[in-house]
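The values are calculated or read from the model by the stated rules, or taken from the named source; none is laboratory data. Since this is a predicted model, take the numbers as computed values, not measurements. Every residue, glycine as well, gets a Cβ built from its backbone with ideal geometry; the counts of neighbours run over all protein chains shown. To get the accessible areas, we keep the full protein, side chains included, count just its heavy atoms, and leave off ligands, DNA and RNA. Shrake-Rupley method; radii C 1.70, N 1.55, O 1.52, S 1.80 Å.
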Amino acid sequence: MRIAGALDRPLVAGLVSHFSAHARTLNNSSANLSHTTMLKPSDSPLLVTAATAITPMLSEFGALMFGERLPWALKEMWVNLLDTGGRQAMHNHANSFISGVAYLTPTHPDSRTVFMKSPGGTEFSFKNDHAGVVTGPYNAEKWVSPQPEPGDIVLFPSYIMHAVPPNPGERRITLAFNAIPTQLDSWGYKIGFSG
């Protein structure tokens, strides 16, 4: 789910100004990518404001995933600084259900987030792949997100593999986050989450 302009310009500017100086953790697969530590919304008034804007979107996207509007909590947030030449290796996010990326600076078209099918396992795999097939986000091997603008958010199921190709442009700054529902109910068998 893409939400254009989800975070307003003053909030985006505040997040960039404050957290750019705190992204000191180097990425283990790219020397030109650094992150903040894992943060909770309560760690900064800026993150509280961002969480207040993001949480209703989680409920809407969660209804697409689970067929019901549930209460959601932002479990963790972090800021990524992707400098020229940096990339993010293919990965997914464990121990959460919805993940998201809020774009805080302009993104070079070649370094948009790429979503891809899992590299596979032991299950059988079937494809409908021939000259008459129209490729879209649900049958493609990979799907490149639309060109984001600062303040845009993309939400996706946490299990989806994703990556960022090498950045040929200027510094790309994003706020990433993971969320969990407070509870899931499967015909009376309930499991609760806290974060």
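Couple of notes before you dig in:
- Rounded to the nearest 20, the size of the Cβ-charge dipole of the chain about its Cα centre is 180 debye, with Lys and Arg at +1 and Asp and Glu at -1.
- Each Lys or Arg adds one and each Asp or Glu subtracts one; over the other residues with Cβ under 12 Å from the Cβ of Met90, this totals +3.
- Using the Cβ-Cβ distance between Trp187 and Leu64 with R0 set to 25 Å, the FRET efficiency from 1/(1 + (r/R0)^6) comes to roughly 0.75.
- Estimated inter-spin distance, Tyr159 and Thr25, nm [label 7 Å along Cα→Cβ]: 2.5 nm
- Each residue of segment 13-30 is assigned a 3J(HN,Hα), and the resulting list reads 4, x, 4, 4, 4, 6, 8, 4, 7, 9, 8, 10, 7, 6, 6, 7, 10, 8 Hz, derived from the Karplus form 6.51 cos²θ - 1.76 cosθ + 1.60 (θ = phi - 60°), x at Gly and Pro.
- Only Cα sites of segment 60-144 enter the Debye sum here, all with the same form factor; the resulting log10 I(q)/I(0) across q = 0.20 1/Å is -1.27, listed in q order.
- Accessible area in square angstrom per residue, the chain, 1.4 angstrom probe: 56 Å²
- Nonlocal amide H pairs with Gly86, under 5 Å, H built at 1.01 Å: Asn167
- Sequence-distant aspartates and glutamates (8 or more away, or on other chains) whose Cα lies within less than 15 Å of Lys142: Asp110, Asp129
- Contour excess over end-to-end distance, with Cα ends at Asn32 and Ala4 and 0.36 nm allotted per residue: 7.4 nm
- On segment 25-89, 58 percent of the accessible area sits on carbon and sulfur atoms, based on a 1.4 Å probe.
- Largest accessible area first, the listed residues Ser194, Ser29 line up as Ser194, Ser29 when surface is computed with a 1.4 Å probe on the assembled protein chains.
- Taking a Cβ cut-off of under 14 Å around Tyr103, the surrounding Lys, Arg, Asp and Glu residues balance to a net charge of +1, with basic ones at +1 and acidic ones at -1.
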